[in-house]
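Below: the structure, in structure tokens.
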Amino acid sequence: MDDSSTSLSDDGSRRSRRRRLLTFADGALLWGARSSGVLVLLMLASLVVVLAAAAWPSFRAFGPGFLTSSEWRPNELERPMRNEAGQLVIEDGETVMEVVPPEFGALPVVYGTLVSSVLALVFAVPLSLGAAVFLVRVAPKWRIAGPLSFLVEFLAAIPSLAYGVWGLFVLAPLLQDRVEPLLRSVLGPVPGLGWLFRETVEVGGQVVTRDIPLTGRDMLCGSLILAIMIVPIITAISRDVLKAVPRVQIEGSIAMGATWWQSTWSMLRYSRSGLAGAIMLGLARAAGETMAVTMVIGNNNRISPSPFAPAQTMASLLANEFAEASSTLHRSALLQVALILLVMSLFINILARWLVGGSQAHAAAAH
Amino acid sequence: MKNLVAPLALTLLSAASIAAPSADVRLQGAGATFPNPLYQRWVSEFQKTNPTVKIDYQSIGSGGGIKAITEKTVHFAGSDAPLNKKELTALGETNVVQIPTCAGAVVPAYNLPDVKEAINFTGEILADIYAGKISKWNDARIAEVNPGVKLPEMAITPAWRSDGSGTTYVFTNFLATQSEAFKGSIGAGKQVQWPMGQGGKGNEGVAAAVQGTTGAVGYIELNYALANKISFGAVRNKAGKFIKASNESVSAAGAGAAASLQGSVLAANIWNQPGDNAYPIASFTYMIFHKDINTAKNADEAKALLDFLTWCINDGQKVAATMDYAPLDPAVKAKVEEALKTASFKAK
């Protein structure tokens, strides 16, 4: 009796101790998770606050004009002063010099980011949606769909520098030697398309129109590299979105006599908001991509309507200039560009989440 | 618990005893990327004879180096451009030593596969190419300084550094002395707004742009061009001679500036120097530190810093020449030695 009673109470205390330990573990886990969540939010908030504070001098100097000015000149200019009539100002037999302070405007890089990202989508979306449909509807599940999905996802893990090197040594020369001359000989003579291959530049006060030198390191090359880099993310999310389409939806359409093409189309229509979300996430990735783009886009802070002219994105501008930006205003202007990029990406991401989330809720409701 | 503490204490003790006897002196430097390969080599050579001194130079860019020395987070900074007034004031004007350590040059590289001869350039021609006023290789002005060379009728695509750099600083400053129009429209600085052409990040970016585009011209550092066997042209100097950049012609450019170097803060622009053999697009690269060396924790650190810098401008110069960095001319070296003597350790 004695033995059994002691063993019972022993057992009980061990159990309660274990329970206490478990409660403690629960609490610790809960608090750990909570504080991790808060920490992530704090990190984002501090990122915004720090960037905004650092961008303040630039904002004060240029105001909203920062977004509409195309002038990006980090150096001071010392030049002969001219009066309103455009004549040199001469006092006491000497030309009066004026010092023009540095000026910063983000329009060319905002333009470069938007155009390169949208062009990248134009190239990447058909490819990604095609691949996603193939993975979901065509490929035999085990033999092809599995390995192919893995490969597509693996593309996302390749460092962006590797894409850049490939772009610089393979893609750019290919564009320069083969693709662009071919496009020029085909499209160049077409009336109304001359702007693709000619540019108007102001040279020392004179406006000159000349052929754009085809270098292969231009907006087109940058967009193509971006397209390749965002195919994995768009494909992977589109595949998941398409998988979430209820079977009844597809079977129903086939029962109605739809052809394979028609049932695929109805599947795409059904999940259109989710697919739009996938595309938006691709867009956000394209807008923020830095290293590879810097290597192939030509890095010229100018707006040119032609995809064969060198360009610059917000991210490539930062990659190029941040290390040696010694003046406060230059640094601040760069950080303001970073802030604009952050806010833009944030909005695209929110929109994307909203679209993807909406489609999944839609799919769940249909079940 | 007791059982745990004892071995832990032992481990700590033994760790301490390993660290204790070799009282290593650690020096931290940061700054310019241009001399980085040379500085790394200097550090490893210096450490062969001074094994207790550990030196770490990080090539974060001249701007970053100046920021670091101003905030006293490093012992010395490397910079491709001498300190400007604002930077000097921030550092404390009377408490700075700035010395040139070697000289570099910027060369015009180009891509003309069918031209075997080295092309001659003048400052005015380069300025007008970069401003877009000369757009073809067979332009009369290029032909004039290249008699006998069959120049193709091909568009010139200028390539430039898209990142801020001392290379751009030297190149634009030289062009500004050659063309008033260039000075007034593009100007000079570590980074300027180029009206046309394509930008490459780093020497490698410009070199890739030049090598990848037939008819391109780009400015790159001499030692990068030599190390990568990139062909480049000669440039007309102040004396009217066409000079190809080499260690000798760059050192000669530095020699002309020796007279203007005075005091502790040595600075001289050595582009466009007189002298028949002086290459015109040259510049010094500098090391900067506090005159009272109060970035050092103790006298040992301060002594190690001065030892290292003295070694750099003496034995280090031979190493520099083998790596295609132009050594200091003896007249310049004498001024640097005087400047080094003005520094001494004063504890905080």
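The table below gives the values:
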quantity: Dipole magnitude (debye, nearest 20) for chain B, charges at Cβ of Lys, Arg, Asp, Glu; calculated: 560 debye
quantity: Unit Cα scatterers, Debye sum, segment B:139-217: log10 I(q)/I(0) for q = 0.12, 0.24 Å⁻¹; calculated: -0.40, -1.15
quantity: Expected 222 nm ellipticity per residue - DSSP helices of 4 or more, -39500 (n - 2.57), all of the protein assembly as shown, to 500; calculated: -17000 deg cm²/dmol
quantity: Surface share of carbon and sulfur [accessible, 1.4 angstrom probe, percent] for chain A; calculated: 67 percent
quantity: Unsatisfied cross-links (Cα-Cα over 25 Å) in the set B:Lys201/B:Lys291; B:Lys201/B:Lys318; B:Lys297/B:Lys341; B:Lys54/B:Lys346; B:Lys116/B:Lys201; B:Lys133/B:Lys190; calculated: B:Lys201/B:Lys291; B:Lys201/B:Lys318; B:Lys116/B:Lys201
quantity: Cα centroid separation, segment B:212-243 to segment A:89-106 (Å); calculated: 32 Å
quantity: Minimum 20 Å² accessible area buried by the other protein chains, segment A:208-235 residues, probe 1.4 Å, relative to alone; calculated: A:Arg210, A:Pro213, A:Thr215, A:Arg217
quantity: Alpha-carbon centroids, segment A:171-189 and segment A:312-351: separation in whole Å; calculated: 32 Å
quantity: Carbon/sulfur fraction of accessible area - chain B, other protein chains in place, 1.4 Å, %; calculated: 55 percent
quantity: For B:Ala216, distant residues with modelled amide H under 5 Å away; calculated: B:Asn111, B:Thr157
quantity: Degrees separating the helix B:36-49 axis from the principal Cα axis of chain B, which is the longest one; calculated: 40 degrees
quantity: In Å², nearest 10: area of A:Glu94 left accessible to a 1.4 Å probe; calculated: 120 Å²
quantity: Prolate/oblate/rounded label for segment B:106-247 (Cα gyration tensor, a/c 1.5); calculated: rounded
quantity: For segment A:308-329, residues shielded by at least 40 square angstrom of accessible area compared with the chain on its own, probe 1.4 Å; calculated: A:Asn320, A:Glu324, A:Ser326
quantity: Most fluctuating residue given options B:Trp271, B:Trp137, B:Trp160, as computed from a GNM of chain B linking Cα atoms under 10 Å; calculated: B:Trp137
quantity: With 10 Å bins from 0: P(r) over segment A:1-152, alpha-carbon pairs, percent; calculated: 8, 12, 13, 16, 16, 12, 9, 7, 4, 2, 1, 1, 0
quantity: Surface accessible to a 1.4 Å probe, per residue, for the residues of segment B:53-162, Å²; calculated: 38 Å²
quantity: Relative contact order (%) - criterion: Cα under 8 Å, at least six apart; region: chain A; calculated: 23 percent
quantity: Set of aspartates and glutamates with alpha-carbon distance to B:Lys48 below 20 Å, sequence-local pairs under 8 removed; calculated: B:Asp24, B:Asp56, B:Asp300, B:Glu301, B:Asp307, B:Asp315
quantity: Chain B: antiparallel DSSP beta bridges as a percent of all, rounded to 5; calculated: 55 percent
quantity: Across B:Lys85/B:Lys335; B:Lys183/B:Lys333; B:Lys183/B:Lys238, pairs whose alpha-carbon gap is larger than 25 Å; calculated: B:Lys183/B:Lys333
quantity: Amide H contacts of B:Ile119 (H built 1.01 Å from N, under 5 Å, at least 5 apart or other chain); calculated: B:Ala234
quantity: Percent of beta bridges antiparallel (DSSP, the protein assembly as shown, rounded to nearest 5); calculated: 65 percent
quantity: Chain B shape via C-alpha gyration tensor axes, a/c threshold 1.5; calculated: prolate
quantity: Mean-position separation - Cα centroids, segment A:128-150 and segment B:46-125, in angstrom; calculated: 54 Å
quantity: Beta bridge orientation in chain A: antiparallel %, DSSP, nearest 5; calculated: 95 percent
quantity: Summed buried accessible surface, chains A and B, 1.4 Å probe, nearest 100 Å²; calculated: 2800 Å²
quantity: Accessible area expressed per residue, segment A:100-152, with surrounding protein chains retained (probe 1.4 Å, Å²); calculated: 49 Å²
quantity: Taking all pairs of distinct alpha-carbon atoms in chain A, Kirkwood radius in angstrom; calculated: 25.1 Å
quantity: Cβ charges +1 (Lys, Arg) and -1 (Asp, Glu), total dipole of the protein assembly as shown, debye; calculated: 2200 debye
quantity: Relative contact order (%) - chain B, alpha-carbon pairs under 8 angstrom, separation at least six; calculated: 23 percent
quantity: Selection from B:Asn298, B:Ala188, B:Ala259 lying farthest towards where the dipole of chain B points positive, charges on Cβ; calculated: B:Asn298
quantity: The protein assembly as shown: radius of gyration over Cα atoms, expressed as a fraction of 2.2 N^0.38 Å; calculated: 1.18
quantity: Where segment A:227-302 is the region considered: accessible area per residue in Å², 1.4 Å probe; calculated: 41 Å²
quantity: B:Leu112, A:Leu119, A:Leu22, reordered so the largest accessible area comes first (probe 1.4 Å); calculated: A:Leu22, A:Leu119, B:Leu112
quantity: Chain A: DSSP helices with Cα axial extent of at least 30 Å and average Kyte-Doolittle hydropathy no lower than 0.5; calculated: A:107-133, A:219-243, A:328-366
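The values are calculated or read from the model by the stated rules, or taken from the named source; none is laboratory data. What you see is a predicted model, and the numbers here were worked out from it, not measured in a lab. Cβ coordinates were reconstructed from backbone atoms using ideal geometry, including for glycine residues, and neighbour counts include every protein chain displayed. Ligands, DNA and RNA are stripped out before the accessible areas are found, and what is left, the full protein with its side chains, is counted by its heavy atoms. Shrake-Rupley method; radii C 1.70, N 1.55, O 1.52, S 1.80 Å.
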